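Participant: Can you read through this structure? Questions will come right after.
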Amino acid sequence: MPYRIRIDRELCSGYAECVGLAPEVFELDTREKSVVVDPEGTDDESILDAARACPVDAIILIDEYEEQVWPA
C-alpha cells in the first residue's frame, strides 16, 4: 500500500531533492514548493528515499496503519 504523503509547505524551501529522486511523484509548483503529482508514481522505497533527502524534513509519510514513517 502506498504512503500517504503530506508536504509541509511552510518548511519546503524548494531544494527539489525529492523531484530529483522521484520525479514521477513530486514536482515544484509555480512558487517553487514541492507538490505531489502522483503518490503511486514509484515504489515506496524510492518515495522514502526522496523524503529522507529533503534537507528540511518537509515531506511527511504515513503508512497504512496511520503511523508516521518519516520523519521518524
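Participant: Would you check if there is a residue in region 6-21 being at pLDDT 95 or above, assigned to a helix (DSSP H, G or I) and surrounded by fewer than 16 Cβ atoms within 10 Å (Cβ to Cβ)?
Facilitator: Looking for residues that are at pLDDT 95 or above, assigned to a helix (DSSP H, G or I) and surrounded by fewer than 16 Cβ atoms within 10 Å (Cβ to Cβ), one finds at least one in region 6-21, hence yes.
Participant: Within region 2-21, identify whether any single residue is touching a residue at least 40 places away in the same chain (Cβ under 8 Å), farther than 13 Å from V69 by Cβ and touching a helix residue (DSSP H, G or I) at 6+ places or on another chain (Cβ under 7 Å), and answer yes or no.
Facilitator: Taking every residue of region 2-21 in turn, at least one turns out to be touching a residue at least 40 places away in the same chain (Cβ under 8 Å), farther than 13 Å from V69 by Cβ and touching a helix residue (DSSP H, G or I) at 6+ places or on another chain (Cβ under 7 Å).
Participant: For region 22-34, which positions are more than 12 Å from I59 (Cα to Cα) and either in a strand (DSSP E or B) or of a type in the set (K, R) (or both)?
Facilitator: E27, L28, R31
Participant: Next question. Can you pull out the residues in region 30-54 that are of a type outside the set (A, V, I, L, M, F, W, C) and either under 11 Å from R9 (Cα atoms) or in contact with an Asp or Glu (Cβ under 7 Å, 6 or more places away or on another chain) (or both)?
Facilitator: Result: R31, E32, K33, S34, D38, G41, T42.
Participant: Please work out which one of (1) touching a helix residue (DSSP H, G or I) at 6+ places or on another chain (Cβ under 9 Å); (2) surrounded by 15 or more Cβ atoms within 10 Å (Cβ to Cβ) is the condition K33 fails and give its number.
Facilitator: It is condition (1) that K33 fails.
Participant: Condition first: touching a helix residue (DSSP H, G or I) at 6+ places or on another chain (Cβ under 6 Å) and basic (K, R). Now tell me which residues in region 48-66 satisfy that.
Facilitator: The answer is none; no residue qualifies.
Participant: Ok, one more. Could you list, in sequence order, all residues of region 35-72 that are β-branched (V, I, T) and either over 8 Å from the mean Cα position of the chain (by Cα) or in a strand (DSSP E or B) (or both)? Lay out the reasoning, then the answer.
Facilitator: Start the filter on region 35-72 by keeping residues that are β-branched (V, I, T), which leaves 35-37, 42, 47, 56, 59-60, 62, 69.
Correct list: V35, V36, V37, T42, V56, I59, I60, I62, V69.
The values are calculated or read from the model by the stated rules, or taken from the named source; none is laboratory data. A quick note: this is a predicted structure, and the numbers were derived from the prediction, not measured. Every residue, glycine among them, receives a Cβ derived from its backbone with ideal geometry; neighbour counts consider all protein chains shown.
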